[in-house]
Structures are given as structure tokens and as C-alpha cells.
Amino acid sequence: MASAMVNVTASVLDWVSLAFDAPTKAVVFGVPIDGHLVVEVLLVVVILFQLTRKSYKPPKKPLTEKEIDELCDEWVPEPLTPQITEDMTDEAPTLESAAGPHAIVNGKEVLNFASANYLGLIGNEKITDSCVGALEKYGVGSCGPRGFYGTIDVHLDCEQKIAKFLGTPDSILYSYGISTIFSVIPAFCKKGDIIVADEGVHWAVQNGLYLSRSTVAYFKHNDMKSLENKLEEVTRRSKHPEKIRRYIVVESIYQNSGQIAPLDEIVRLKEKYRFRIILDESHSFGVLGNSGRGLAEQCGVPIEKIDIITAGMGNALATDGGFCTGSVRVVDHQRLSSAGYVFSASLPPYLASAAIAAVDHLEENPSILANLRANIATLFNELSDVPGLVVASHLLSPLVFLKLKKSTGSDKADMHLLQSIAKRVLEEDSVLIVATKRSSLDKCPLPIGLRFFVSASHSESDLLKAATSLKRVAALVLS
Amino acid sequence: MNRHLTQLKIRRSGLGDVKHRSYLLPRELGGERRGSGRGRGRGRREKFSLALGEEKGERRGRGLGFTRQDGEGEGDQGYAPICLGLEDFYVRRLYLRIQDCFGRPIASSPDAWFDVVERYSNDYNKTLHRTEKTTRCLNLGSYNYLGFAAADEYCTPRVIQSLKEYSPSTCSVRVDGGTTKLHVELEELVARFVGKEAAILFGMGYVTNSALIPCLIGKGGLIISDSLNHNSIVNGARGSGATVRVFQHNTPSHLEEVLREQIAEGQPRTHRPWKKIIVIVEGIYSMEGELCKLPEIIAVCKKYKAYTYLDEAHSIGAVGQSGRGVCELLGVDPADVDIMMGTFTKSFGSCGGYIAASKEIIQYLKYSCPAHLYATSMSPPAVQQVISAIKVILGEDGSSRGAQKLARIRENSNFFRSELHKMGFEVLGDNDSPVMPIMLYNPAKIPAFSRECLRKNVAVVTVAFPATPLLLARARICISASHTREDLIKALEVISKVGDLIGVKYFPAEPPKHLIQSHNKLE
């Protein structure tokens, strides 16, 4: 058997060598066809043939209708919302009067520290009169988006007024406070852009950053060293930093902690690393600065250096809506590409006229700012020795933020503690304060706490009363 | 309405080798007056842009400058342009030339007749300037379905009362100090009106959708939405992190196919089963005027255990026997729809939005929805306006004005639509829907239609890219209950004349009756 194989192999090899050494039988195009050429061509043909064969794959069997039916029957969805637990059933206090410094809750008069009515404009006669005039002339709603007959002349007047007040070329009005920032950010930042943001920004900013699909890097809350490191890192990592748009997103007064951003430092860093600033001034417009023009005036920074300023008007100006201001090109770009402006109905005209009246009032009476500052200073001093709580906000911030000295370790337990303090303060001493509530979608890592919104129309006795009552209840609950 | 004045003589200095053409629309050019005055003295470019009428505080000011640079200002080296030139091609070349057809300011309430402010332009619509003059025009564009836009005899005194009592804003979020008695009353009233157990209010319709969908569904869930859904729904779906699939507009059979395929396949790449599936549709689609095929879609969703979310922005208050929306019109039980959303801007003449669903869902939303926890609460006078409007519609104010309004809007819409059909226009939308788009198709006909109608004192809305596809431009008419029969007849005459002039009567018109009779006599 083996010898037969050897013989067969030997004869095959003989044949091959014969074919190889065969003399030239023909000449084609000047190339002599030797025997080895024929063998090589045959080999090449065989190789090519094998290469073009498809590799074996197991045949694909798509699901039959019956199998799909079974899968659909078996599938069980989760319930739309999770089970309602005890802490989800807390009801908010219901006001029965305007949200001024003294409000009526459940029939009792309370001291209201839960409304961001910083300049005390709620209940102002002039503003109410201008609103009544606007209501009679224009009705309540504007019944259309800005592009389709929803632009009323009061909107244009309001935009010009705000731009003139701040000293910028132009401004644009939005119909709701939080939709301002989450429409502005995606209008200017797209995929591939770089954003460096503070980790303590509130939900609307986080949502805007997420919708913009840019690369976002967070720096430690209000820490300029961390910001500089992040800017350095981000600039080093990107290949062509001059070709991509880069932004720093900060708030002037942070809602989640009451800290104030050091704008002069940020502007210095921005100019060094060539970034642009997007500043959200919701809580500082009409509050900071000698004449209420915001953080830029407070820090002595020329307004042109800040590229985009947004603010909600639901705080100091006691109306609703928001605006964004900057250079002419910044504002014009938003008129066609900002989602919350183009696809939404415009601000009701009476709110726009309230905004105009509020800015007028602020220009004519700059002394309210002095009152506000005195009130903030008083409350800050009074609250500096509350047992178990420490003041975490800046001493100029009208949003006084108190956090627990020693956290219990879990957010839920902290929340429970703070809410019981707030409830007792309301029931026993008729002072309305609030504990910050966090949504499940909010990714802010800062601790929760109690908030006091100081208004220029609070009197000194109001502030003292609130401070004493908080100290008493905190001593009881947190000891 | 534009007066095209002769183009200003433009100084060639400062232009370099750029070919200057008057219609070059410079998003990436000039307008940056902030670049000047940095202690270096005004350069030629800044003087140039200033020469083109950019006084401080003007609403729109744009100058002309170099195409090479982005016009940021001379000190801004190392910054990428804030608005990329390429993104703006459509805007520069097409949109800005017909800019006067959009964004027309008005100087009165958006009622059946209103005052449109005249504007003029010195540079072929690059910048538009307001004047003091106004023209009284017939309003066919505002969302004023039941006529509550103007001051109303029942609503306005109550609104003013609530303004004096509660002031224009509460300055605080709902959970802090922003819930007033009015808010609680309105939530109960809305739930009763729509037919669900409970409701929650928000201050703006757009935010309602975009802040709510992320609350209900997250990563691991599936959202199936109609291909022509509104931008707020698209943004909400994107912001939630769930996978999004689209089904063909108003086609329940395709929805069924997509559902079967997705449930069988599971999540992308891991093939785990989906956590939950939500199907999002709208009641009336605002660009098509069509009603949604709700009964079939609900049947499909029930079969495959998907949740349904119905956006009734345009249909609540405007359709249905008693104004309760598409559910009433199409005979669908509100309990079958899991979540019903609507806005108050269109039929109730106010602002804001609501969600109506079962008690547990609303309780959960009050606990975790960011728009409820972080956004200023709805303005109290606006809340009062909605309360009064709903009371009028339900007849609880003691008169039958509500029923009259509903009957009138239905009559008006059907009359207008049938007349337009008879004239030969191509009108989309179903019967009973107060929104009727007239197809123009050719984008060049948009400015013609709009300007001619305005010259004859009829204000219409024309819609171009990107709200609709580029070659499917249309003029959209919104009928209101405050239009009288004479108003509609005048509007029809004007539209017919303009239609003949620009050639949009794409279908053969029905001959008038007396001709048919004489034709029959001859035979």
C-alpha cells in the first residue's frame, strides 16, 4: 500500500518535472512558452479560483411570524412610573394671595422667604397698571410663534430696552425662563465643540449641554485652579484648537449653592486660552452691581468681553420669560436656529410690558438695591450661628443657602431632615422657607440645603424673626 | 410690504479683493461693532459697516465686510467663527430675501382683524425697519380657534381681578411658593374637562414635552414617534436617552410592523428586551391639518402593550362636540390613552401646557419632573384666563357662548375648506379641522402669495423650509370662531384672485352653478 503510494507520487513528480523542463514549443508575442510557464499559469489560475470561492457561512434564518407573535406575547413592559412611595406624596404649600414678603398660606399670614422677589416688585402699582393696559389692548396670550404674527410691538420694545439697559447691541426674548438656556446652548454648540462647565450648574444648563452633543468637561464647583487645569488639559488634547468652537459655561449666582462666580478671573482665563463665555445671570440680573446691571458691573468687566449672557426674568424683574443678549450676530443667529424661540409661542404681551415697567422702575429708583444689600448683610450675620447648619453662599448673594454641617450620609435622609425643619418652621412660626428638591434627572453633585430668598421689601424685623425661628427649630431637630 | 429704496452707494474701501454684490448676505461678515474702539482707532472695515445704517440699539443691524474673515473683530485671533458659514447657506441665499414675509410685528391683539406694522428696507431685506404706520388686515394666521385672543366679556374682568390679587408672577417654582389656589383649581378643571383623573400644569408648551419625556423613559426604553412630530417632541425624545424609531406618518399598519420588529429584536446590540415602549402621536398635525387615526393606533398599541402619548396642542378645545379634542371627535375613550398633553396657547388664548393622566403618574411627575421643580410657575392671570375660557366652553358661565363658538368654528372650517376645493386649490387636511394648508410647492411663490395678500389687507402665514420640505412650501390658514361669514367671503375672494395671479390652482375648478344649468338647458 505504502509503496504503491510512493510509486504514484514518484510518477506524478516525474510528470511535473517533465512538463517543467519541456523545451520551448511556441513563441507568443516574442515570449517563449517554456514548460514551467504553463505550470506556473495553471497554479495561478487554481489560486485565483480558490480566492473567489465564498467562505462557508451558516444560512440565516429570519424569525417566522409565529415566533414574533410569541415574543410579543411574552414581553412584559415595566410600569410607566415607579411605585409611589411615602416621600413622593408631599404637597407644596398653597398660596392664597400674591407672593410678596407677607403672603397667606392656608388662611394664615406667613413671612415669605420662598419667592425670588429680590427687588420687591410684586404688588408694585406701576407694573400692575401697565399690565392692565396691556391686557385690555392685547388680550392675554399672543397666539402664535414669533415668525407667524406672534411678534407684538411690546416684544420689540422690551428687547431694545433690555439691550440699552445692559449696554449690548441687541437682545432676544424667550417665552419661558428655563427654556432660554437650554435653547441657546444647542444653537451655538454642536457635535465636536468643546465645553467646560461648572459641575454645579442647574438642570436646564445640563439639559442644554446634553442636547448639544458636544464634548463636555466639568470643573470643580467655583474653583478657578480646577478650571485652569481643565482648560489646559482640553486645549492640549485637541488637535486643532483654533478650528473648533470652545465655550466656558458658568452661572453668575449658582442656584444650587448661592456661590458667585469670579468673573474677572474667568475672563482672564478665557483670553489666555481663547474660549468664549456663556453666562447665565438668572439670579443676578437686577441684583448685583451698582445699578443692577449684573455680574459684569459688579466685577468691573466690560460687557463686551462676555460673549453670550442669558437670564430668566422670573426673579428680580417679577415677570416671566427670559432673554439672551450679546453681539448682533449672536442674537440674529438665534432668531432662526434656536428651538425654544422658533417653535414656541411668544411671551404673553402683558408680561413683556411688565418687564419694561420693571426695568424702568429699577433705573429710576436705584435705592432699592441698597435696601436689598442691607437686608442680605443682616440675614447673613444672623444666620451665621445656626446650630447644625452652615451658610454656604456668598455674602453678596440674595439667595442665602444653608447646608447641613454634618450630613447623615444619604441624600434621602438629609432631605427628610431638612424638610421636617422647613415644615416645623412654617407651622409653628409662620415663616415660609424651602428645602431644595432635586429631580431624579439632575446630575448635580452639590449637597442639598435650605434656601432663603431675600427681598428688598423685607423689613428688619422680618429677617430677625426668620433667623430666630430657624435657630430654634434647628436646635430641636438636629440635636 | 416693502419699499425698495435704491441701494446706498457703498464705498469700495475696505473690501479688498472681494467681489461686492448687494445681496451677499453676511452671517459670517461684519456687524461686529464691538470690535472697534479697542484703543486702536476705527479701521476701514468698522467705518464701512457703520456707514450702512447701524445705529446703536437698532433691532437688526448687519454690515458688509470681508468674506474671508468671520468678522469677529480685529482682536479675535484664535477663535473659531461662532456661526459657521456653511450652515447658513439656505438662510443667506434664500430666506433673507423673503424675510419680510415672516415675523411681521403686530400692534393690537391677534383677533379676527388686527393691525400689522409696516416695515421697510433699504438694502433688499437684509435689515427691516419698523415704522409707526399700521394696516388693518384680516387675520388668517394666528392660533385663535375659539376667539379668546381679544378681550372677552367674561374672561377679561376676571383676569384683571386676579392680576391685582396675585400680581403678574409668583417669582418662584411650583414646589416652593409658586402654587396658588388658581393653579390647584385649574388642574382639577383640566382633568375634568379632558376626562382623566388628574393633571399637572407647566408654564410653556414646549417645555412640557421636552422636560417630560425624559422623566417617563430613559436608556433601555423605546420611543416610536410619528415622522411629522413637532420639534418639542423630538427634543424631548433625544434628551431622554432612549432609542427613537419613526413610523410613517399616520399609518397604523407601519406602526404595527415597527412594533413587531422592535419587540422581537430587543435593544440594539445586546438584544435584551425593552424596558418599555411609548408611542407618541399628535391630535392635529399643524403643518398638514390632518387628524390622527387614533382608534386604529390605540388598538395596535393595546395589542402590543405599548404606552400611548397624545399631544393635543392644536385639537383641544377646537374639535369635538363639546371641545374635548380628538378623543371625543373620533370616539376614543380617554382612559385608553395613557398620557394626554395639551397647550393653552391655541384655543384658550393664554400660555402654558398641561399633562393629564392617572393619579399615580401625576403624583410621580410632581415629585420628579424638572419642569415642575425648577421652573417658575405659570403666571396667575394666565391661569385665570384658562379657567374662565374652559368655563365658557363648558357653559358653566351661564350662557351658551361656548356651544355657539364651537358650532361656529366647525361651520367656518368646513365652509372655507369646501369653497377652496371648489376653486381648484390643493388643500390638505380633514373635515372639521380648523387648520388648512394650501399647497404652493414652488418656494418662489411664497413671497408672491404673501405680499399680494397683504396688499389686499389679508394676512396669511406662509411656511417654508425647514418647517416643511424644501419643495413642499405651503400657505397655512387657521380659521377662528371670531371670523364672520363676510370675513370669510372676503378672504376667499382675495385668495382666489391671488391664486389666479400666481398660478396655484392646481386642480380644475368647479364651474359656477349658473353655467351648469345653462349647459344642461342646451342639451
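The values are calculated or read from the model by the stated rules, or taken from the named source; none is laboratory data. Keep in mind that this is a model prediction, so the values were computed, not measured. Glycine also receives a Cβ, built like all others from the backbone with ideal geometry; neighbour counts cover every protein chain displayed.
From the list A:E364, A:E382, A:E427, exactly one residue is more than 30 Å from B:S210 (Cβ to Cβ) and in contact with a helix residue (DSSP H, G or I) (Cβ under 7 Å, 6 or more places away or on another chain). Which is it?
Working: A:E364 fails: in contact with a helix residue (DSSP H, G or I) (Cβ under 7 Å, 6 or more places away or on another chain); A:E427 fails: in contact with a helix residue (DSSP H, G or I) (Cβ under 7 Å, 6 or more places away or on another chain).
Within the list A:E364, A:E382, A:E427, the selection yields A:E382.
Pairs meeting the criteria (first residue in region A:122-144 and surrounded by fewer than 24 Cβ atoms within 10 Å (Cβ to Cβ), second residue of a type in the set (A, V, I, L, M, F, W, C) and not in a helix (DSSP H, G or I), beta carbons under 7 Å, at least 6 apart or on different chains) are A:G123/A:A98; A:E136/B:A151. Here region B:197-218 is the region considered, the condition is being part of a loop (DSSP other than H, G, I, E, B) and crowded, with 23+ Cβ neighbours inside 10 Å, and the residue that is farthest from the other protein chains (Cβ to nearest Cβ) is B:I217.
Of all residues in region B:388-406, how many are part of a loop (DSSP other than H, G, I, E, B) and either out of contact with any helix residue (DSSP H, G or I) (no Cβ under 7 Å at 6 or more places or on another chain) or buried (at least 18 other Cβ atoms within 10 Å of the Cβ) (or both)?
Kept after step one, since they are part of a loop (DSSP other than H, G, I, E, B), are these residues of region B:388-406: B:395-400.
Still in the list and also either out of contact with any helix residue (DSSP H, G or I) (no Cβ under 7 Å at 6 or more places or on another chain) or buried (at least 18 other Cβ atoms within 10 Å of the Cβ) (or both): B:396-400.
Count: 5.
When we screen B:L186, B:L128 for residues that are more than 7 Å from every other protein chain (Cβ to nearest Cβ), more than 18 Å from B:I393 (Cα to Cα) and of a type in the set (A, V, I, L, M), the only hit is B:L128. Considering region B:332-361, and only residues there that are within 9 Å of another protein chain (Cβ to nearest Cβ) and hydrophobic (A, V, I, L, M, F, W, C), the residue that is nearest to A:M415 (Cα to Cα) turns out to be B:I361. Checking each residue in region B:433-467 for being assigned to a loop (DSSP other than H, G, I, E, B) and under 25 Å from B:N414 (Cα atoms) picks out B:S433, B:P434, B:K456, B:N457, B:V460. The residues of region A:175-206 that are facing another protein chain (nearest Cβ under 9 Å) and either without any contact (Cβ under 8 Å) to a residue 40 or more places away in the chain or not in a helix (DSSP H, G or I) (or both), listed by number, are A:S175, A:Y176, A:K190, A:D193, A:H202, A:A204.
Residues are listed down the side, and each one gets a yes or a no for (1) without any contact (Cβ under 8 Å) to a residue 60 or more places away in the chain; (2) within 30 Å of A:L441 (Cα to Cα):
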| site | (1), (2) |
| --- | --- |
| B:P295 | yes, no |
| B:D311 | no, yes |
| B:G317 | no, no |
| B:V326 | yes, no |
| B:L329 | no, no |
| B:Y367 | yes, yes |
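Would you check if there is a residue in region B:238-259 being of a type in the set (D, E) and within 8 Å of chain A (Cβ to nearest Cβ)? Taking every residue of region B:238-259 in turn, none turns out to be of a type in the set (D, E) and within 8 Å of chain A (Cβ to nearest Cβ). Residue-level check: of (1) more than 21 Å from the chain's Cα centre (by Cα); (2) within 10 Å of chain A (Cβ to nearest Cβ), B:N139 misses just (1). Test B:L146 against the stated conditions and say whether it is crowded, with 19+ Cβ neighbours inside 10 Å and in contact with a helix residue (DSSP H, G or I) (Cβ under 8 Å, 6 or more places away or on another chain). Yes, satisfied.
I'd like to verify a number: residues in region B:372-387 that are within 7 Å of chain A (Cβ to nearest Cβ) and either more than 15 Å from B:Y166 (Cβ to Cβ) or surrounded by fewer than 24 Cβ atoms within 10 Å (Cβ to Cβ) (or both), how many?
Filtering region B:372-387 for residues within 7 Å of chain A (Cβ to nearest Cβ) gives B:373-376, B:379, B:381-382, B:385.
Now narrow it down to the ones that are either more than 15 Å from B:Y166 (Cβ to Cβ) or surrounded by fewer than 24 Cβ atoms within 10 Å (Cβ to Cβ) (or both): B:373-375.
Residues that pass the stated criteria total 3.
Summed over region B:220-255, the residues that are part of a strand (DSSP E or B), among the hydrophobic types (A, V, I, L, M, F, W, C) and buried (at least 21 other Cβ atoms within 10 Å of the Cβ) give a count of 4. Evaluated against (1) farther than 30 Å from A:G314 by Cβ; (2) out of contact with any Phe, Trp or Tyr (no Cβ under 8 Å at 6 or more places or on another chain), A:P82 falls short on exactly one condition, (2).
The selection criterion, being on the phi > 0 side of the Ramachandran plot and at the interface with another protein chain (Cβ under 7 Å from one of its Cβ atoms), holds for A:G139.
Residues are listed down the side, and each one gets a yes or a no for (1) surrounded by 23 or more Cβ atoms within 10 Å (Cβ to Cβ); (2) within 22 Å of B:E396 (Cα to Cα):
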| residue | (1), (2) |
| --- | --- |
| B:I316 | yes, yes |
| B:G320 | no, yes |
| B:L329 | no, yes |
| B:G342 | yes, yes |
| B:A357 | yes, no |
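Might you let me know whether region B:225-235 holds any residue that is of a type in the set (A, V, I, L, M, F, W, C), in contact (Cβ under 8 Å) with a residue 60 or more places away in the chain and assigned by TED's automatic domain parsing to the domain that holds B:I284? Yes, there is a match, as at least one residue in region B:225-235 is of a type in the set (A, V, I, L, M, F, W, C), in contact (Cβ under 8 Å) with a residue 60 or more places away in the chain and assigned by TED's automatic domain parsing to the domain that holds B:I284.
In summary, B:K422 fulfils each of the numbered conditions (1) in contact with a helix residue (DSSP H, G or I) (Cβ under 6 Å, 6 or more places away or on another chain); (2) of a type outside the set (S, T, Y); (3) farther than 29 Å from B:R104 by Cα; (4) in contact (Cβ under 8 Å) with a residue 40 or more places away in the chain with the single exception of condition (1). Evaluation of A:V45 against the conditions (1) in contact (Cβ under 8 Å) with a residue 24 or more places away in the chain; (2) exposed (fewer than 11 other Cβ atoms within 10 Å of the Cβ) shows that the sole unmet condition is (1). Taking the condition within 22 Å of the chain's Cα centre (by Cα), outside any loop (DSSP other than H, G, I, E, B) and surrounded by fewer than 21 Cβ atoms within 10 Å (Cβ to Cβ), does B:R417 pass? When the stated conditions are applied, B:R417 does not pass them. Could you say which residue among A:L336, A:L347 is free of Cβ contacts under 8 Å to residues at least 12 places away in the same chain and within 25 Å of A:G144 (Cα to Cα)? When all the criteria are applied, what remains is A:L336.
Quick check on B:G177: is it touching a helix residue (DSSP H, G or I) at 6+ places or on another chain (Cβ under 9 Å), without any contact (Cβ under 8 Å) to a residue 12 or more places away in the chain and buried (at least 17 other Cβ atoms within 10 Å of the Cβ)? In short, no.
All of (1) more than 26 Å from A:D87 (Cα to Cα); (2) within 14 Å of another protein chain (Cβ to nearest Cβ) hold for A:S459 with one exception: (2).
Among the conditions (1) within 28 Å of A:S337 (Cβ to Cβ); (2) free of Cβ contacts under 8 Å to residues at least 40 places away in the same chain; (3) among the small types (G, A, S), B:G266 misses just one, which is (1).
Before we move on, is B:L163 at the interface with another protein chain (Cβ under 10 Å from one of its Cβ atoms) and in contact with a helix residue (DSSP H, G or I) (Cβ under 7 Å, 6 or more places away or on another chain)? Considered against the rule, which asks whether it is at the interface with another protein chain (Cβ under 10 Å from one of its Cβ atoms) and in contact with a helix residue (DSSP H, G or I) (Cβ under 7 Å, 6 or more places away or on another chain), B:L163 comes out as yes.
Go through the residues of region A:94-117 one by one and say whether even a single one is more than 27 Å from A:Q334 (Cβ to Cβ), among the acidic types (D, E) and more than 8 Å from chain B (Cβ to nearest Cβ). Show your work before the answer.
Here is the first cut: in region A:94-117, the residues more than 27 Å from A:Q334 (Cβ to Cβ) are A:94-115, A:117.
With among the acidic types (D, E) added as a condition, the list becomes A:96, A:109.
Add one more test, that the residue is more than 8 Å from chain B (Cβ to nearest Cβ), and what stays is A:109.
Yes - at least one qualifying residue is present in region A:94-117.
Under the condition of being at pLDDT below 90 and within 8 Å of chain A (Cβ to nearest Cβ), the residues counted in region B:115-125 number 0.
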